Amino acid sequence: MVGGGPQSDNVIHRMAMDDPIPWWKKPHLRNMYLLLFPCVIGIEMTSGFDSQIINSAQLLPAWKEYFGHPTGGYSGILASALPLGSVLGLPFIPLINDNFGRRWCIMFGSCIMIIGTFIQGFSKNAPMYIIARAIIGFGLPYAIVAGSCLIGELAYPKERPILTSLFNACYFIGAIVAAGCTFGTQRIKNDWSWRIPSLLQMAPSLLQVVFVFFLPESPRYLMSKDRLEEAKNVLIHYHAEGNADSEFVKAEIAEIKVTLEIELEHSKQSWADMIRTAGMRRRVLIGSLLGLFTQLSGNVVISYFLGDVLKLIGYTDPSFQTKYNLGNQCWSLVCGVSAAMVVMRFRRRTMYLTGIFSILAVYVGWTVCTAVFIAHKNPVAAKFSLFWIYAYSPAYNLCFNALTYTYLVEIFPYAQRARGIAIFQFWGKAAQFFGTNVNPIGTQAIGWKYLLVYCCWIFAEAALIWFLWPETSNRSLEELAFLFEDKEDLTQLQQKRVETEQGVGELDNEKHSVVHERQV
């Protein structure tokens, strides 16, 4: 088992955690956080909106009639076109994210999604609908990868874990709006019952297009492009409320510079970097598994095919299904935000292991109750199944929702962060594509027994998390850049950090403060 090791004594982390002034009493930082919501944290609303567009649309008579009452593989491809488009777009994300900056990458992805949503809303047939969803999927990971990087790199260290956790929680805002909108439009007796929600899917992307350039660029990106003064100004303005003499910002600038120098000296900023060292291979393995786990832990069954599982336990009324679905999304938002609020109170491994074992317990309970209902038509078992579906949300949110981007930002260093999150997205979207195609076939072919497959797989996930996941809490991003690296790099960083802490008052000189000769 991989333990967390000794707690950090990093000066940046210590100074941030000892800061007695809360963020809402810092005007510049407060304004930045308020802007982060519509144009960055809200990116995941598109993913949530999409899951409920498909989940809810399948309950609409007009949608089913228009697309020929899709079932099995046909139903699967209508849902899975979006993750397929995401997989196609992922290899090119670092080209924009690392060369043009986080904000331009968000803008690019958002514009692509707006185009795709417009085509989706006015689709004339199933192929046009599938292509439109693939276009949305192509643009979505550009915004997600850049947005998660930007949050982690702009946030004050004290609030960073909470903000990156809220990023994923916004999924449920989009899901609630989509479920509520579709619940309202089901009374429309024509194609606009599904076209209106489809067009509304562009709303989060419109927010990003309007607001993203009101945010500053990532100071780490600016430093990597030798735009040191711009980076300093961003950190001074937001992390020190305009105080250029802030000891904290001086130490922060020095540590970022030193870490970037070491990282970029060892990196060609190419995909080959992801397998060059044992440490990077370990990161890629964890990121890939995390992508699989976030989509293959049974959540796709509830997110995309809730109607099918409700039919298994006798709830076939579309009105009940839409109400139950809307209630579940509201409950999930509460669970997601609550989990994000407690990430600073618990260690990462503790939350992951508690969450995955809770998911396993929920799936076992759900499977048993569904089997009992089908065998004996026991209404109590059916009601318990409804309970277990709701119980799934706090379990899933505790680990895979709250911690996903927090953990990814922490385990991947700056030079490979965009590629690392893109790899996570690849496996996540591939798993989503697999799940959205296989789940309707599985539930149709073997019914409740299909849930047993998830019980076994979730147990395997728990074992892998137990043995592979390292502890990352209570450390700065720069310190975590060497989480898996060899002793030579770690010793070099520690020496630079000692120099930084001893000479923090002399860090304003760009040429001579922390740029030293070193041997690798």
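The values are calculated or read from the model by the stated rules, or taken from the named source; none is laboratory data. What you see is a predicted model; the values in this text were computed from it and never measured. So basically every Cβ, Gly included, is an ideal-geometry build from the backbone, and we count neighbours across all protein chains shown. Each accessible area value is taken on the protein alone, full model and side chains, heavy atoms only, with ligands, DNA and RNA left out. Shrake-Rupley method; radii C 1.70, N 1.55, O 1.52, S 1.80 Å.
Its Cα gyration tensor gives the stretch 164-304 an equivalent ellipsoid. The semi-axes, each the square root of 5 times an eigenvalue, are 41, 25, 13 Å from largest down. Each of Asp317, Asp308 has its accessible area taken with a 1.4 Å probe; listed largest first, they run Asp317, Asp308. Rg/Rh, computed from the Cα trace of the stretch 335-477 with Rh as the Kirkwood radius, has the value 1.03. The fraction of accessible area contributed by carbon and sulfur in the chain is 66 percent, rounded to a whole number (1.4 Å probe; ligands and nucleic acids excluded).
With contacts taken as Cα pairs under 8 Å at a separation of at least 6 residues, the stretch 215-267 carries a relative contact order of 28 percent.
Each stretch of four or more DSSP H residues adds -39500 (n - 2.57); spread over every residue of the chain, this sum gives -23500 deg cm²/dmol at 222 nm. Across the stretch 323-438, C-alpha contacts under 8 Å between residues 6 or more apart give a mean separation that, scaled by the residue count, equals a relative contact order of 33 percent. Ordering Trp63, Trp23 by accessible surface, largest first, gives Trp23, Trp63; the 1.4 Å probe counts only protein heavy atoms, with every chain in place. Can you tell me the orientation of helix 72-89 relative to the chain, as the angle in degrees between its alpha-carbon axis and the longest Cα principal axis, to the nearest 10? With both axes taken from Cα atoms, the answer is about 20 degrees. Note on the stretch 168-321: Lys pairs 8 or more places apart or on different chains, Cα atoms under 23 Å apart, count 6. What is the projected area of the convex hull of the Cα atoms of the chain, averaged over all directions, in nm²? Computed as one quarter of the Cα hull surface, the answer is 22.7 nm². Near Phe211: Cβ cut-off under 15 Å, other residues only, Lys/Arg at +1 and Asp/Glu at -1. The net charge is +1. Other residues within the sphere of radius under 12 Å centred on the Cβ of Ser193, judged by their own Cβ, net out at +2 (K and R +1, D and E -1). For the stretch 90-183, the solvent-accessible area with a 1.4 angstrom probe is 28 square angstrom per residue. Taking the C-alpha atoms only, the angle from helix 450-468 to the longest principal axis of the chain is near 10 degrees. Using C-alpha pairs under 8 Å with a sequence gap of at least 6, the mean separation divided by the residue count of the chain gives a relative contact order of 25 percent.
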